[in-house]
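I have a structure I would like to understand better, so I am pasting it below and will then ask my questions one at a time.
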Amino acid sequence: SDVSYSYPDILERRTKIIDQLHKGIEFLLQSNKVALIKGEGAVTSANSVVVRNGSETRELKFDNLVIATGSRPKSLPGLEVDGEHVMFSDHALALEHVPKSIIIIGAGAVGVEFASLYRDLGADVTIIELMPTIVPLEDRDVGQVLARSFARRGIRILTETKIDAQSLKLGEGQVQVDVLQGEKRETITAEKVLVAVGREAILDSVKDLGLDTERGYIKVDSKMRTNKQGVYAIGDAIGGYLLAHVATAEGHQAVEAIAGERVVPIDYTRVPRCTYCRPQIGSMGMSEQEAKAKGHSVKSARYSFQSHGRALIMGQTEGFAKVVSDGGTGEILGVHIIGPNATELIAEAALGRFLEATPLELGLSIHAHPTLSEALMEAALAVEGRPVHMVVRR
């Protein structure tokens, strides 16, 4: 009884972990004789970068350049982000207290992660999403389950809803804004507004290089080469999946290419995508809707955690594991998991696709009991009409 939390202690622990990880990376760089130069860099010619740190300026010459400048949050037209009343995720992470109430604009990964966190910490949360479902880039079934879960926890969700940026009013410790859902207009008030409508590449420091871009991101080939000799780009700067592990894989591609090694192109259809809300989401490949739209003869099945032994033991029975395959070739097109430890379970699906396993092969692999991984096994077997602990649901 009387369980509570100390937000300053949470922040202190987070900072300690981040510092430990940063120091570990710096140690690796030092051990591998990599020069780490801190400052603000800008490309000044075809083979040089100027780095400024306070009053110090240094010029670096290069034969090869890897651009890994990352991304920053996008805003909405007419909506001014001041970092105090109206925030981006960077501002939210710097907050030293939990807001009593918050409006979150955008229900992608960032939006639902903050919604889940703040609700768990006691805040009143309202999510505004333009699309018909939350996490709109995920399989539709995943979005529906997450919406029901959030609603049970008291998170208010307004889908197919626009925000009227011109109506924004700042008061004493609160923000007021109008939203439009079809013809219905409503005024919502909260302590904070978090804008989570996507991110854009940071290319200010390389704007003079003359790089080819598309939709604001640098264009590269399978070896991460740009249109300029010796210039490579990776991560959020090139778009696609704006995920740390994807940027790492692309970094490997770039340096292997620079070293003259054989480079195997990245298959982005086997990239695991993780959303760290509660319940967690882990996905890979196409949603069922995408697969059908691309003309595949789709076979799919899902296995619920509600009747799953380990999930019952853990007391976390929300969600399911779903496998989407091509009925003609047996190829696994996508895997979608929402529920306990989904961000860990998706690794098996990614490995299965990497090894070109079929759903039957994935399902016939013996899984330990009782483990959450059995949910993926059951879903894979169900795709082939051979489930053990469920009635096939298609």
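Could you sort the peptides 164-170, 198-204 by per-residue average Cβ neighbour count (10 Å cutoff), highest mean leading?
In decreasing order of mean packing, 164-170, 198-204 become 198-204, 164-170.
Of all beta bridges DSSP finds with both residues in the stretch 1-138, what is the antiparallel percent, to the nearest 5?
About 70 percent, rounded to the nearest 5.
Cα to Cα, under 17 Å, and not fewer than 8 places away if on the same chain: which lysines meet these conditions relative to residue 184?
162
Of the options 114, 71, 81, report the single residue whose Cα projects farthest towards the positive end of the charge dipole of the stretch 70-157 (beta-carbon charges: Lys, Arg +1; Asp, Glu -1).
The one lying farthest along the dipole's positive direction is 114.
Tell me what the chain gives for mean residue ellipticity at 222 nm when only DSSP H runs of n ≥ 4 count, each as -39,500 (n - 2.57), the sum divided by the residue total, rounded to 500 deg cm²/dmol.
-8500 deg cm²/dmol, from helical runs alone.
Around residue 298, which amide H atoms from residues at least 5 apart in sequence, or from another chain, sit under 5 Å from its own amide H, with H modelled in the peptide plane?
Correct list: 327.
With a Förster radius of 41 Å, plug the Cβ-Cβ distance of residue 58 and residue 276 into 1/(1 + (r/R0)^6) and report the FRET value to the nearest 0.05.
After rounding to 0.05, the efficiency reads 0.60.
Leaving out same-chain residues fewer than 8 places away, which aspartates and glutamates sit with a Cα under 17 Å from that of residue 192?
Filter leaves 80, 82, 84, 90, 96, 113, 120, 124, 129, 164, 172, 178.
Now, a different point. Which of these, 195, 81, 335, has the largest mean-square fluctuation under a Gaussian network model of the chain (Cα springs below 10 Å)?
Most flexible of the set in this elastic network: 81.
As I understand it, the dipole of the chain uses +1 on the Cβ of Lys and Arg and -1 on the Cβ of Asp and Glu, about the Cα centre. Which of 232, 189, 372 lies farthest toward its positive end?
Projecting each Cα onto the dipole axis, the largest value belongs to 372.
Another question about this same structure. Specify which labelled value, from [x] 24.3; [y] 23.6; [z] 27.2, agrees with Kirkwood radius over Cα pairs in Å derived from the coordinates of the model shown.
Structure-derived value, by its label: [y].
Express the accessible area of the stretch 210-299 per residue in Å², computed with a 1.4 Å probe while the remaining protein chains stay in the model.
52 Å²
Could you derive backbone 3J(HN,Hα) for the stretch 365-372 from the dihedral phi with the Karplus parameters 6.51, -1.76 and 1.60 (θ = phi - 60°), listing whole Hz in sequence and x where the residue is Gly or Pro?
With coefficients 6.51, -1.76 and 1.60, one gets 5, 6, 10, 5, 10, x, 9, 5 Hz.
Using a simple charge model, +1 on the beta-carbon of Lys and Arg, -1 on the beta-carbon of Asp and Glu, nothing else, what dipole does the chain show about its Cα centre, in debye to the nearest 20?
That gives the chain a dipole magnitude of about 480 debye.
With springs connecting C-alpha atoms under 10 Å apart, model the chain as a Gaussian network and identify which of 365, 55, 222 has the largest mean-square fluctuation.
Largest GNM mean-square fluctuation: 55.
Right, next: Apply 1/(1 + (r/R0)^6) to the Cβ-Cβ distance of residue 18 and residue 219, taking R0 = 45 Å, and write down the FRET efficiency to the nearest 0.05.
The value I calculate is 0.85.
Once you've got the GNM for the chain with C-alpha springs shorter than 10 Å, pick whichever of 307, 75, 287 has the biggest mean-square fluctuation.
307
So which lysines can residue 219 reach, going by Cα to Cα under 28 Å and dropping same-chain residues fewer than 8 places off?
Reachable lysines: 38, 61, 74, 207, 228, 294.
Hey, if you put +1 on the Cβ of every Lys and Arg and -1 on every Asp and Glu Cβ in the stretch 1-154, which of 28, 126, 137 ends up farthest toward the positive end of that dipole?
About the Cα centre, the residue reaching furthest to the positive side is 28.
Just to verify a number: what accessible area does residue 28 come out at with the full protein assembly present, 1.4 Å probe, Å² rounded to tens?
Residue 28 exposes around 100 Å² with every protein chain in place.
With every protein chain in place, what's the accessible area of residue 313 (1.4 Å probe, Å², nearest 10)?
Accessible surface of residue 313 is approximately 120 Å².
Still on this structure: Give the ranking of 278, 72 by solvent-accessible surface, highest area first, calculated with a 1.4 Å probe.
278, 72
For the full complex of protein chains and a 1.4 angstrom probe, list 211, 360 by accessible area with the highest value first.
360, 211
The values are calculated or read from the model by the stated rules, or taken from the named source; none is laboratory data. What you see is a predicted model, and the numbers here were worked out from it, not measured in a lab. So basically every Cβ, Gly included, is an ideal-geometry build from the backbone, and we count neighbours across all protein chains shown. The protein model used for the area step is the full one, side chains on, heavy atoms only, and it has no ligands, DNA or RNA in it. Shrake-Rupley method; radii C 1.70, N 1.55, O 1.52, S 1.80 Å.
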